[in-house]
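Below is one structure, written out as structure tokens, with a few remarks after it.
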Amino acid sequence: MRIDVLTLFPAMLDGFLSESMIGRAREAKLLEVNVRNTRDWATDKHKTTDDRPFGGGAGMVMKCEPIFAAIEELQTPGCRRIYLTPDGVPFTSAKAEQLAKEQHLIFLSGHYEGVDQRIRDTIIDEEISIGDYVLTNGTLAAAVVIDALARFIPGVLGEEKSLTSESFTRNLLDFPNYTRPAVYRGMSVPEVLLEGHHGKIEKWRHAQQLEKTAKVRPDLLKKQQP
């Protein structure tokens, strides 16, 4: 998979792209991520990418010219052009899995008061929000989406089974996990996990998932209803 990220702050992704799972996936050629500075497509001597909004109001709006030029140069046939914005469609695990099947993604990171609406109307395929809050720009949002979708690319995860049991995969939150020692400061690991009976363990874990989901995210249980 190839991903291009258009941002005014490319250095924000330096550490993220070189560490942990994403870094290993890039080294193994399972994932290609290119960070592009939107200013590289500005044509004036000051590399201007924003201007005052028509109609007045606070803040600045990102201009059409650099973004149109950048996307039109980077796009390939069939690629998905995605704008990260607080007023987009909520990001989910299902969306991450869907995006992981694409061959080429372009992520546009907004800044200031967002981008000129004509960009959104003509050269953006979908708009994604990672939550009901506002960031200083969309670069971190792009990182979140990349991290989530990378888990669904074959070969990226060391333990593929984790995809079927982690939170949100089946509209259930994750079960509690424990490791050695079996007793720490008087706190013991649940006995069922020490017995080695896989059937009982799976049943216990599912019960724990249902209990936690009902307590923390009851809305997810409603999605399981026919």
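The values are calculated or read from the model by the stated rules, or taken from the named source; none is laboratory data. These figures come from a predicted structure and were not determined experimentally. With ideal geometry, Cβ positions are generated from the backbone for all residues, glycine too; neighbour counts draw on all protein chains shown. Surface accessibility is based on the protein's heavy atoms, side chains included, excluding ligands, DNA and RNA. Shrake-Rupley method; radii C 1.70, N 1.55, O 1.52, S 1.80 Å.
For segment 114-139, the candidate set comprises residues that are of a type in the set (S, T, N, Q) and more than 11 Å from Thr85 (Cβ to Cβ); within that set, the residue that is modelled with the lowest pLDDT is Thr136. Of all residues in segment 88-109, those that are crowded, with 18+ Cβ neighbours inside 10 Å have Cβ atoms under 7 Å from Cβ atoms of residues that are hydroxyl-bearing (Ser, Thr, Tyr), 6 or more apart or on another chain, in Gly88/Ser129; Phe91/Ser129; Ser93/Thr169; Leu108/Tyr83; Ser109/Thr7; Ser109/Thr139.
Any residue at all in segment 53-70 that's touching a His at 6+ places or on another chain (Cβ under 9 Å) and surrounded by fewer than 18 Cβ atoms within 10 Å (Cβ to Cβ)? Yes, the conditions are met somewhere in segment 53-70. Checking each residue in segment 166-210 for being closer than 23 Å to Ala94 by Cβ and not in a loop (DSSP other than H, G, I, E, B) picks out Arg205, His206, Gln208, Gln209, Leu210. Those residues that are more than 24 Å from Glu97 (Cβ to Cβ), surrounded by 11 or more Cβ atoms within 10 Å (Cβ to Cβ) and basic (Lys, Arg), I need them from segment 171-212; list them, please. Scanning segment 171-212 gives Lys200, Lys203.
If the condition is being under 21 Å from the mean Cα position of the chain (by Cα) and either farther than 15 Å from Glu113 by Cβ or free of Cβ contacts under 8 Å to residues at least 40 places away in the same chain (or both), then segment 51-86 contributes Ile71, Leu74, Gln75, Gly78, Cys79, Arg80, Arg81, Ile82. Just give me the residues in segment 11-23 being in a helix (DSSP H, G or I), free of Cβ contacts under 8 Å to residues at least 40 places away in the same chain and open to solvent by 20 Å² or more (accessible area, probe 1.4 Å), in sequence order. Within segment 11-23, Ala11, Asp14, Gly15, Ser18, Ser20 qualify.
This table checks each residue for (1) crowded, with 19+ Cβ neighbours inside 10 Å; (2) closer than 24 Å to Asp50 by Cα; (3) modelled with pLDDT of 95 or more; (4) of a type in the set (D, E, K, R).
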| position | (1), (2), (3), (4) |
| --- | --- |
| Tyr112 | no, yes, no, no |
| Ala141 | yes, yes, yes, no |
| Val145 | yes, no, yes, no |
| Val156 | yes, no, no, no |
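Among the candidates Lys222, Lys215, the residue that is at negative phi, open to solvent by 70 Å² or more (accessible area, probe 1.4 Å) and modelled with pLDDT of 95 or more is uniquely Lys215. When Glu73, Glu65, Glu97 are screened for being touching a Ser or Thr at 6+ places or on another chain (Cβ under 8 Å) and either part of a helix (DSSP H, G or I) or within 16 Å of Leu6 (Cβ to Cβ) (or both), only Glu65 passes.
Give me the residue from segment 25-50 that is farther than 28 Å from Ala69 by Cβ and free of Cβ contacts under 8 Å to residues at least 60 places away in the same chain and, out of that set, most open to solvent (accessible area, probe 1.4 Å). Looking at the filtered set, the residue picked out is Lys29.
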